[in-house]
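Enquirer: I am attaching a structure below and will ask some questions about it afterwards.
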Number of protein chains: 4
Amino acid sequence: MRLQGIFPPITTPFNSDGELYKAKVQHNVEKWNRTALSGYVVCGSTGESVMLTTEEKVRMWEWVAEFASSDKLLIAGTGVESVRETVDLTNRAAAIGYKAAMVRTPHYYKNLLNRTEAQVLYFRAVADQAKIPVMIYNWPQATGLDIPAEAVIELSHHPNIVAIKESSGNLEKVMRMIREVKKGFQVLVGSAPTLWPSLTVGAAGAVLAFANAAPYATITIWEAFRTREMEAAQDWQNRIAHAAYLVTTKYGVPGLKYAMDLNGYYGGPPRLPLVPLCPEAKREIEEAFQHLKG
Amino acid sequence: MRLQGIFPPITTPFNSDGELYKAKVQHNVEKWNRTALSGYVVCGSTGESVMLTTEEKVRMWEWVAEFASSDKLLIAGTGVESVRETVDLTNRAAAIGYKAAMVRTPHYYKNLLNRTEAQVLYFRAVADQAKIPVMIYNWPQATGLDIPAEAVIELSHHPNIVAIKESSGNLEKVMRMIREVKKGFQVLVGSAPTLWPSLTVGAAGAVLAFANAAPYATITIWEAFRTREMEAAQDWQNRIAHAAYLVTTKYGVPGLKYAMDLNGYYGGPPRLPLVPLCPEAKREIEEAFQHLKG
Amino acid sequence: MRLQGIFPPITTPFNSDGELYKAKVQHNVEKWNRTALSGYVVCGSTGESVMLTTEEKVRMWEWVAEFASSDKLLIAGTGVESVRETVDLTNRAAAIGYKAAMVRTPHYYKNLLNRTEAQVLYFRAVADQAKIPVMIYNWPQATGLDIPAEAVIELSHHPNIVAIKESSGNLEKVMRMIREVKKGFQVLVGSAPTLWPSLTVGAAGAVLAFANAAPYATITIWEAFRTREMEAAQDWQNRIAHAAYLVTTKYGVPGLKYAMDLNGYYGGPPRLPLVPLCPEAKREIEEAFQHLKG
Amino acid sequence: MRLQGIFPPITTPFNSDGELYKAKVQHNVEKWNRTALSGYVVCGSTGESVMLTTEEKVRMWEWVAEFASSDKLLIAGTGVESVRETVDLTNRAAAIGYKAAMVRTPHYYKNLLNRTEAQVLYFRAVADQAKIPVMIYNWPQATGLDIPAEAVIELSHHPNIVAIKESSGNLEKVMRMIREVKKGFQVLVGSAPTLWPSLTVGAAGAVLAFANAAPYATITIWEAFRTREMEAAQDWQNRIAHAAYLVTTKYGVPGLKYAMDLNGYYGGPPRLPLVPLCPEAKREIEEAFQHLKG
């Protein structure tokens, strides 16, 4: 399975009552279908998966599968703390037609899980029982736990673990993993501000929240990298830098959803305790996205 | 509502297939019923709540309500990331007869939630809609987020927020909260190794994982404190120190479950990725619990 | 050597040119001489030791030795990163008449020093060559490194290491060290907001920046503890809490120096990059110290 | 002043008594003189500056100035906590002929210094009085404080602050600084494992501990970058990765000194509490440096 190019971890649209909003899922997916995005990650952190019930996750998977064009690779965010529930979710996604599962590192019992063996045990147990390939998902800024490179290198030898999405932004770790994982295992990154240098050192692709609102800019960097147009790549990287910072680090999902609203997608409200942006933050985002089309 | 004395956040018994084990819930609760424990917290961190489905949580609440003696106060661990699901869980527990809800600080989107206003917004929104009083639950060692004392002080004025379980072990923060919260708001602690000094500075009680396996020792400290027998309190505090360290910080839930097995309760296996103890760890716990009865 | 009671780590007075100010050293020390403080720590963190040249440290040691009354125990802050310079400084202080050396944990090369063996090696090497007893000094809030309890327990067996000043505020660690160190080794704390509970669990005394400005309040807590007047101790602990927070955590040395100015001592300006307080901070401190005499 | 290319922060040679070893300074510098290194940083973290007395630093500056060939730019590591001592050291280095001063972020009083204004105040005060240009030096892994990009951007407008050595390894921060600092201000990096991607995104050069032992490999990457030989740059980056990790992150200065001994330089012993390597670590380094010449 080749996980190349740019994947948005898609946002989950809610209506004004806070319910899932199917029409807007359709709207967004059909608009993204017309881009060169490689596929969709459904129910990741950007999809507010920690705010969704199991039934809501399943509905999102079904709807996206219904609306996605056939050339888009479908990846389901299925990781929760326990092995058994993660396996169950993964296999429900597989039954719906998803091709891979993105599984977040378990992290709640940090003092027990914050070591190579515990992470290896979890991912092996999940991958052994999963009917589709597993992509490890590491985002220490949210989980408070950074899966060691050693664990990833060891897990890369498992036949059903095919990739990692490394969102720490730590390029030294990315480089080390690229050097030392089993041939064929793919390292994707999850940080738009370092997309270009990450591709330069060998990342296979990227899962970028920012691509929800501005897919073309990220695809442009990807294409510039592939055709070795270094100046163009660097130039576009600089152009997206501030906007990407605003809708990820600074304002998170509520910021990203507002940028989507600006760019012809449906962003809408997040779920509490996340809150819609204040007017000042909106203006900041409006300015940053002025020249970035959806 | 008076939340005084010692509450175990009870463990969740699984059988060898990893399923909930009702007979053992009954066994444990009936054994604890014969102690002076003040009540039970059901589906907290020690109850592996992050490993349970919603249906499993509800079943645990029902079973414990069925077996608990009438003098035990029932508290449900209901906090998840979203306001709406936390409210829903809280009100299901209320319908079963629970008297209070212990609600963990939301923490996944750390960069957005790591501030006073975000925490205040969440707990207010939950408490406004909850049919039973709310106890804030702060355990930064797991969540990676420490609710500021300022937020707790502000929230203490909400009529439906009655207590905090502060498990950080930070006594300076405990003391500050006790000084500055609204009169009547109760500060409980969640750290057995500092139980006695916490009571000394004014903590109303404690929610202690350790009390699952060794309730009498913790009650003895509580009684010694109430009767101002300082030497006895300090002596018992020293006696439990190492054992409490082993089954919380060092070996966590798997260690605690093993200590329960030693002391006439059913501990049983944890859910993966937590794993049963190795023989060496078992011996360490056996030695530490030699003189601590269940 | 008995290190009981309250020791201020004294501030270093500078004149308006930023030079050491001998007359004010004399003024402060003679005023403290009239209190029941147990002694003085000269050139600790509160003494801005990291801002002083070696010659300035020696001058401070000499001046304080000249002005201190004979009942005050003199302790020199002598810890720097290298063993050889720490030993040299310690023995210069010994020659001036200091009775003990307070030695900060080495910490600059964190990834190498952040382990039990490295800390044990350092303190053993220093203590072997020091002509006066050594007190370990741990303040992770400044050094970014927390000496493990295991290292302290091991070092407590060295004949020339007699105490630790633990300023982390971590009462669980304090309790564990008190339980497990060699008999005779003394645990002092360095955090005024937790003074009383620390004494309650067995701390021998305290080195408190706050005592520079308000010695009587800290001595009152000490005396109340010794005579088992628990209510009085708790009452005074509450009275100093906010003031102590302001001149340590919130405003640090500049805040403490201003409180000294208010209370009849010479505080004066700190050295850059520390800066004198803004008017608003001054007002906050004035209010907090209104009923705390010098 | 152009700070381009590769600069080693040179190690400080000690003899078996732990004294400065002039003959070996001469040996090392004369050997490095024959390479294309751009200059030398004397008394940085790698030079164990925190272990040196003021007099020893001055001697090191004098000796290196005596032996360095005239085409090498001389930079003195002069940063200590106080403004006045940093200025004094900087101007002594200037008098000896140093062309720039590398000044570490002040960090001991973290809670006061951990903000943009405090860092800006310090560096402005130093730069105002310094007779040579200042390079900011940020190494949060040692100092426990990460100077904010905002502070660096603001300081880049000071006429006497010309560069930053950013050793955090955070490429996103490096990219942001390159985008937002005043034109002409130079961003150098201090992390060998990310040298190539750092150059790719616009770093002016690098100050690399690893270059003490293996200057040619780092220069090769620099030259490959300049001539746009991307494959060669990546290839060499991969070749040095493990060796660089060993002599920086894993074994630090003692590891680097051993690698220098292997490669025809004098490394020698570090100062306590740093300790020479154990045989196993030596073997690890021998293997990693097998194909990296000095």
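Enquirer: In the stretch C:60-98, which residues are among the charged types (D, E, K, R) and closer than 24 Å to C:F14 by Cα? Spell out the reasoning first.
Expert: Of all residues in the stretch C:60-98, those among the charged types (D, E, K, R) come to C:62, C:66, C:71-72, C:81, C:84-85, C:88, C:92.
Once the filter is applied, which keeps residues that are among the charged types (D, E, K, R) and closer than 24 Å to C:F14 by Cα, the stretch C:60-98 yields C:E62, C:E66, C:K72, C:R92.
Enquirer: Across the stretch B:232-258, what is the number of residues that are over 17 Å from the mean Cα position of the chain (by Cα) and under 12 Å from B:P276 (Cα atoms)?
Expert: Number of matching residues: 1.
Enquirer: Moving on. Conditions: (1) out of contact with any Lys or Arg (no Cβ under 8 Å at 6 or more places or on another chain); (2) buried (at least 19 other Cβ atoms within 10 Å of the Cβ). C:P193 meets all but one. Number of the miss?
Expert: Only one criterion in (1) out of contact with any Lys or Arg (no Cβ under 8 Å at 6 or more places or on another chain); (2) buried (at least 19 other Cβ atoms within 10 Å of the Cβ) is unmet by C:P193, namely (1).
Enquirer: Working only within the stretch C:251-268, note down all residues that are part of a helix (DSSP H, G or I) and in contact (Cβ under 8 Å) with a residue 12 or more places away in the chain. Spell out how you get there, then give the answer.
Expert: Here is the first cut: in the stretch C:251-268, the residues part of a helix (DSSP H, G or I) are C:252-262.
Selection gives C:G252, C:V253, C:P254, C:G255, C:L256, C:K257, C:Y258, C:A259, C:M260, C:L262.
Enquirer: When you scan the stretch C:105-126, do you find a residue that is more than 10 Å from chain D (Cβ to nearest Cβ) and under 26 Å from C:N28 (Cα atoms), even just one?
Expert: Checked against the condition, which is being more than 10 Å from chain D (Cβ to nearest Cβ) and under 26 Å from C:N28 (Cα atoms), the stretch C:105-126 yields no hits at all.
Enquirer: When the stretch B:163-203 is examined, which residues are found to be touching a residue at least 12 places away in the same chain (Cβ under 8 Å) and among the charged types (D, E, K, R)?
Expert: Of everything in the stretch B:163-203, those that are touching a residue at least 12 places away in the same chain (Cβ under 8 Å) and among the charged types (D, E, K, R) turn out to be B:K165, B:E166, B:K173, B:R176, B:E180, B:K182.
Enquirer: In the stretch C:276-293, how many are assigned to a loop (DSSP other than H, G, I, E, B) and under 20 Å from C:N238 (Cβ atoms)?
Expert: Filtering the stretch C:276-293 for residues assigned to a loop (DSSP other than H, G, I, E, B) gives C:276-278, C:289-293.
Pick out the ones that are also under 20 Å from C:N238 (Cβ atoms) and you get C:289-293.
Residues in the stretch C:276-293 being assigned to a loop (DSSP other than H, G, I, E, B) and under 20 Å from C:N238 (Cβ atoms): 5 in total.
Enquirer: Considering only residues that are surrounded by fewer than 16 Cβ atoms within 10 Å (Cβ to Cβ) and of a type outside the set (D, E), which ones fall in the stretch B:10-30?
Expert: First, pick out the residues of the stretch B:10-30 that are surrounded by fewer than 16 Cβ atoms within 10 Å (Cβ to Cβ): B:15-17, B:19, B:23, B:30.
Listed by number, the residues that qualify are B:N15, B:S16, B:A23.
Enquirer: Name every residue in the stretch A:237-259 that is surrounded by fewer than 23 Cβ atoms within 10 Å (Cβ to Cβ) and away from chain B (no Cβ under 14 Å), in order of residue number.
Expert: Correct list: A:N238, A:R239, A:A241, A:H242.
Enquirer: Within the stretch B:210-238, how many residues turn out to be in a loop (DSSP other than H, G, I, E, B) and touching a residue at least 24 places away in the same chain (Cβ under 8 Å)? First the steps, then the outcome.
Expert: Keep residues of the stretch B:210-238 that are in a loop (DSSP other than H, G, I, E, B), which gives B:213-214, B:227-229.
Subset that is touching a residue at least 24 places away in the same chain (Cβ under 8 Å): B:213-214.
Going through the stretch B:210-238 one residue at a time, the tally reaches 2.
Enquirer: Right, something else. Can you list the strands (runs of 3 or more DSSP E) found entirely within the stretch A:1-86 that contain at least 1 residues being hydrophobic (A, V, I, L, M, F, W, C), within 14 Å of chain B (Cβ to nearest Cβ) and within 17 Å of the chain's Cα centre (by Cα)? Spell out the reasoning first.
Expert: Numbers: elements: A:5-7, A:39-42, A:73-77.
In the stretch A:1-86, no matching strands (runs of 3 or more DSSP E) lie anywhere.
Enquirer: Which ones in the stretch C:31-58 are over 20 Å from C:P215 (Cβ atoms), surrounded by fewer than 17 Cβ atoms within 10 Å (Cβ to Cβ) and touching a residue at least 12 places away in the same chain (Cβ under 8 Å)? Before you say what the answer is, go through the steps one by one.
Expert: Applying the first criterion (over 20 Å from C:P215 (Cβ atoms)) to the stretch C:31-58 yields C:49-58.
Remaining after also requiring surrounded by fewer than 17 Cβ atoms within 10 Å (Cβ to Cβ): C:53-55.
Passing the criteria: only C:T54.
Enquirer: On to the next question. Please state which one of B:V207, B:V162, B:V189 is at pLDDT 95 or above and under 25 Å from C:I240 (Cβ atoms).
Expert: Details: B:V207 fails: under 25 Å from C:I240 (Cβ atoms); B:V162 fails: under 25 Å from C:I240 (Cβ atoms).
The match here is B:V189.
Enquirer: Restricting attention to the stretch D:124-142, which residues are over 19 Å from D:V41 (Cα atoms), in contact with a strand residue (DSSP E or B) (Cβ under 9 Å, 6 or more places away or on another chain) and not charged (D, E, K, R)?
Expert: Scanning the stretch D:124-142 gives no hits.
Enquirer: Looking at the stretch C:120-135, which of its residues are in contact with a Lys or Arg (Cβ under 7 Å, 6 or more places away or on another chain), among the β-branched types (V, I, T) and not in a loop (DSSP other than H, G, I, E, B)? Step through it out loud before you land on a result.
Expert: Taking the stretch C:120-135 first, the residues in contact with a Lys or Arg (Cβ under 7 Å, 6 or more places away or on another chain) are C:132, C:135.
With among the β-branched types (V, I, T) added as a condition, the list becomes C:132.
Once the filter is applied, which keeps residues that are in contact with a Lys or Arg (Cβ under 7 Å, 6 or more places away or on another chain), among the β-branched types (V, I, T) and not in a loop (DSSP other than H, G, I, E, B), the stretch C:120-135 yields nothing.
The values are calculated or read from the model by the stated rules, or taken from the named source; none is laboratory data. Just so we're clear, the structure is a prediction, and the values are computed from it rather than from any experiment. Because the Cβ atoms are built from the backbone with ideal geometry, glycine has one as well, and the counts that use them run over all protein chains shown.
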